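See structure below.
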Amino acid sequence: MCKCDEEKKCPEFTDLNIGNALSGTELQVQLLLHTRENPNCSERLIEHNVTASEYLNTSKKIVFVIHGFRPTGSPPAWLGGIKELLLSSEDINLIIVDWNRGATTVNYITAVENCRKVAEILKNYVDQMLVDGASLDTMYMIGVSLGAHIAGFVGQKYKGKIGRITVYNYLLDITTWNKSIRRGFIKMKITDYAGNTVESEMNRPQLCRYDFVLLENTELTFKPIPCPERGTRR
């Protein structure tokens, strides 16, 4: 049951609209923590004082969910579902990374440019969690769309030591194939902290999901999941 009192409104994901997208938004990031103790009333983590949190338990797994480009400004429809699924599956710290102010714009390039800024902000939070006893091995980042870029940038800052990164709806064709003819192959190399490298090649350039775990001294497996054919359900 939520410990928030009746007079204190629970922090919510930023809800914007198409008007905000047309005028543009300045980047603001808030981290909303949900646990089994406060599943329906999030706690906003304090950027420069994460350890002041009432619910954060750094001895448990910490899962970050990072959304992507929001051209209409509305909260992602899937947020409630993934929150319920993750909290019912395991006793974790679930952190929704809300960068809707910064992702809401009709200018996709602006949102892209904000990704590295969000990653730097997340690193500040993670660094404080590490000081408070958290481990990179038990951190899990789930990135959707441009959130995938952000998760990757954070992983890069820790030299691949983040426990796990899962990426959804990430189009590798941005840099790996000829967009004018929409043909070709992807050749990807993933190297872990110990220097082990796995190489994967496939002829379909557009992927809907790939999932890999970064572990030291462990061979990495890259398993891309192609997008379904048109007319089929995902």
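Some notes on this structure:
- Test: residue in the stretch 51-62 that is in contact with a Lys or Arg (Cβ under 8 Å, 6 or more places away or on another chain) and under 13 Å from residue 97 (Cα atoms): no
- The residue pairs whose first member lies in the stretch 3-16 and is in the same structural domain as residue 29 (by TED's automatic domain parsing) and among the hydroxyl-bearing types (Ser, Thr, Tyr), whose second member is at pLDDT below 50 and surrounded by fewer than 16 Cβ atoms within 10 Å (Cβ to Cβ), and whose beta carbons are closer than 6 Å, counting only pairs six or more residues apart or on different chains, do not exist in this structure.
- Among the residues of the stretch 122-141, those identified as surrounded by 19 or more Cβ atoms within 10 Å (Cβ to Cβ) and under 17 Å from residue 28 (Cα atoms) are 122, 125.
- Hits in the stretch 125-148 - residues which are farther than 21 Å from residue 91 by Cβ and either hydrophobic (A, V, I, L, M, F, W, C) or at pLDDT 95 or above (or both): 127, 128, 131, 144, 146, 148
- Filtered residues of the stretch 142-160 (kept if touching a Phe, Trp or Tyr at 6+ places or on another chain (Cβ under 6 Å) and either outside any helix (DSSP H, G or I) or surrounded by fewer than 18 Cβ atoms within 10 Å (Cβ to Cβ) (or both)): 144, 145, 159, 160
- Pairs linking a residue in the stretch 81-98 that is acidic (Asp, Glu) to a residue that is not in a strand (DSSP E or B), with Cβ atoms under 7 Å and 6 or more positions apart or on different chains, are 90/61; 91/36; 91/60; 98/13; 98/14.
- Listing of strands (runs of 3 or more DSSP E) fully contained in the stretch 16-103 that carry 2 or more residues being surrounded by 14 or more Cβ atoms within 10 Å (Cβ to Cβ), in contact with an Asp or Glu (Cβ under 8 Å, 6 or more places away or on another chain) and not acidic (Asp, Glu): 28-34
- Inside the stretch 106-121, residues that are modelled with pLDDT of 95 or more and among the β-branched types (Val, Ile, Thr) make up a count of 2.
- Scope the stretch 21-45; condition within 19 Å of the chain's Cα centre (by Cα), over 20 Å from residue 81 (Cβ atoms) and aliphatic (A, V, I, L, M); matching residues: 27, 29, 45
The values are calculated or read from the model by the stated rules, or taken from the named source; none is laboratory data. This one's a predicted model, so the numbers in the text were calculated from it and none came from an experiment. Backbone-built Cβ (ideal geometry, glycine too); neighbour counts: all protein chains shown.
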